[in-house]
1. Would it be correct to say that residue 173 is closer than 23 Å to residue 105 by Cβ and either assigned to a loop (DSSP other than H, G, I, E, B) or at pLDDT below 95 (or both)?
2. Where in segment 193-250 are there strands (runs of 3 or more DSSP E), lying fully within it, with 2 or more residues that are free of Cβ contacts under 8 Å to residues at least 24 places away in the same chain and under 24 Å from residue 89 (Cα atoms)?
3. Name the residue, out of 155, 170, that is among the hydrophobic types (A, V, I, L, M, F, W, C), out of contact with any Phe, Trp or Tyr (no Cβ under 8 Å at 6 or more places or on another chain) and touching a residue at least 12 places away in the same chain (Cβ under 8 Å).
4. Residue by residue through segment 65-82, note down the ones that are under 18 Å from residue 43 (Cβ atoms), touching a residue at least 24 places away in the same chain (Cβ under 8 Å) and surrounded by 17 or more Cβ atoms within 10 Å (Cβ to Cβ).
5. List the strands (runs of 3 or more DSSP E) that sit entirely inside segment 49-130 and contain at least 3 residues that are among the charged types (D, E, K, R).
6. Residue by residue through segment 148-193, note down the ones that are β-branched (Val, Ile, Thr) and farther than 19 Å from residue 221 by Cα.
7. Those residues that are of a type in the set (Phe, Trp, Tyr), surrounded by 17 or more Cβ atoms within 10 Å (Cβ to Cβ) and more than 20 Å from residue 101 (Cβ to Cβ), I need them from segment 120-153; list them, please.
Amino acid sequence: MKYTVLIILCFFTALAQGQSAPRDSVRTQKQEKRYKQSLNVRLHNQGQFMFSGRIISPNPALDFFYQYDRKQWGFVVFKAFDLYDHTTDNNFGLAMIRKNFHVGKRLTITPQAGFIFEQSHSIADKGTDLSAFVINTYKVSSSFSVEYTAVFFNLAIAQEDRDWVNRLRLLYSKNHWDVTVSGWHNNKVIDHDNTVYFSTGASVFYSRMKINDHLHLSAGASTIVMAYTTTPDTYPVNNGVFFTVMGLFH
């Protein structure tokens with residue numbers, strides 16, 4: 001693991017140097033890009049998966065979230081590492097294609113589909129399967145949004161483990177502050193094991209601290225409370241506070 005982290009640090013050092021290197025007069029002429037991309041690197045004191053609202057490892061974690069968007073479509077790639085134990089549930093990857101549909105000026109619907117890769121022992125362990133998210137974001141004002149996400153797991157291969165989780169978030173963002181209040185509900189509409197759980201959470205971040213034109217830093221704290229579960233062996237009542245530092249490369 002130490003060699004992986006060393007390679008990653010060398011990569012980002014080279015990336016930052018390349019982005020801050022001087023460019024000739026031709027390249028400095030601003031042209032409208034046909035795409036947008038960003039890479040978010042985060043370090044947490046515990047492992048979490050914010051789409052399902054659960055603590056999945058008590059160990060420190062590192063993750064990477066890459067986004068690429070064109071006018072008509074885009075894709076995301078996510079990779080999480082448990083920094084102490086490579087066999088916990090917080091060793092996984094995600095790759096999805098997505099598209100934004102704008103309904104008026106305030107509502108954006110973003111369906112995305114792809115695979116979540118379980119990686120406790122290999123690149124694609126047992127449990128790797130097709131998943132789909134449908135993110136619906138309503139912009140109430142320039143600083144306040146309401147977001148509802150339907151998350152569907154294990155849709156193709158291990159259908160006996162299918163899950164449907166609803167996530168509702170209230171998001172406030174102004175200047176350097178980002179505040180989020182969240183709630184999750186795993187229902188039993190498509191499940192075979194009749195699992196139901198409710199969890200809630202909140203986060204406060206001081207964000208967009210500019211280091212240079214291509215790097216912003218953020219830091220904050222989050223909490224998750226598992227309020228109710230019908231299957232404590234599978235989804236235990238784990239509550240926790242998370243501290244996160246992150247860098248956004250764009």
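The values are calculated or read from the model by the stated rules, or taken from the named source; none is laboratory data. Values in this document were obtained by computation on a predicted structure and should not be read as measured data. Neighbour counts run over all protein chains shown; Cβ positions are idealised from the backbone, glycine included.
1. Values: closer than 23 Å to residue 105 by Cβ: yes; either assigned to a loop (DSSP other than H, G, I, E, B) or at pLDDT below 95 (or both): no.
No; evaluated as a whole, the condition is false for this residue.
2. Those strands (runs of 3 or more DSSP E) span 215-229.
3. Working: 170 fails: out of contact with any Phe, Trp or Tyr (no Cβ under 8 Å at 6 or more places or on another chain).
The conditions single out 155.
4. 65, 80, 81, 82
5. Numbers: elements: 54-57, 61-70, 74-82, 92-98, 101-103, 107-118.
Here the list reads 61-70.
6. The first filter runs over segment 148-193 and keeps only residues β-branched (Val, Ile, Thr), leaving 149, 151, 157, 165, 179-181, 189-190.
149, 151, 157, 165, 189, 190, listed by residue number.
7. First, the residues of segment 120-153 that are of a type in the set (Phe, Trp, Tyr): 133, 138, 144, 148, 152-153.
Now restrict to residues that are surrounded by 17 or more Cβ atoms within 10 Å (Cβ to Cβ): 133, 153.
Hit for segment 120-153 is 153, nothing else.
The rows are residues; the columns are (1) out of contact with any Asp or Glu (no Cβ under 6 Å at 6 or more places or on another chain); (2) closer than 19 Å to residue 177 by Cα; (3) among the acidic types (Asp, Glu).
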residue: 211; (1), (2), (3): yes, yes, no
residue: 216; (1), (2), (3): yes, yes, no
residue: 220; (1), (2), (3): yes, yes, no
residue: 226; (1), (2), (3): yes, no, no
residue: 233; (1), (2), (3): yes, no, yes
residue: 239; (1), (2), (3): yes, no, no
residue: 242; (1), (2), (3): yes, yes, no
residue: 247; (1), (2), (3): yes, yes, no
